[in-house]
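Read-outs throughout are calculated quantities, based only on the coordinates presented, and are distinct from any laboratory measurement. Since the structure is predicted, the reported quantities are computational estimates derived from the model, not experimental observations. Heads up, the Cβs are rebuilt from the backbone with ideal geometry, glycines too, and the neighbour counts pull from every protein chain shown.
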Amino acid sequence: MPQAVENTAQLDEHLMEVVRALHGAVKQGISHKDDTALMDKAIEDCKEILDEVMKGDVKAWLN
């Protein structure tokens, strides 16, 4: 069962950084849609970011 975290402001800040990083990776990929190497890199970056979020290791994010 999920447990509450103590510092939600710090968690909010971290998740905002994650969203910005994901947005940047998507934007990079879209702007280079004709360059398959850059598209592949952007997709890999997005996957890496989302995999980290899905781990859900909030304690690690806050340290």
Report task. Give the relative contact order (percent, whole number) for the chain; include only Cα pairs under 8 Å separated by 6+ residues. Result -> 37 percent
Query - aspartates and glutamates with Cα under 15 Å of residue 59, excluding same-chain neighbours fewer than 8 positions away - result: 6, 12, 13
Query raised in the report: Under the rule of -39500 (n - 2.57) per DSSP H run of 4 or more residues, summed and divided by the residues of the chain, what mean residue ellipticity at 222 nm is obtained, to the nearest 500 deg cm²/dmol?
Result: -25500 deg cm²/dmol
Report task. Sticking with the crude label model, points 7 Å out along Cα→Cβ, report the distance from residue 6 to residue 54 in nm, one decimal please. Result -> 3.1 nm
Query raised in the report: If you work out Rg and Dmax of the Cα atoms in Å from the coordinates, which of [x] 22.7, 67; [y] 14.3, 45; [z] 19.9, 56 do you get?
Result: [y]
Report summary line: Sparse-neighbourhood loop hits (trypsin sites (Lys or Arg not before Pro), the chain; DSSP loop; Cβ within 10 Å at most 11 others) -> 33
Report task. Under 26 Å Cα to Cα from residue 27, which lysines show up? Leave out anything in the same chain fewer than 8 places away. Result -> 41, 47, 55
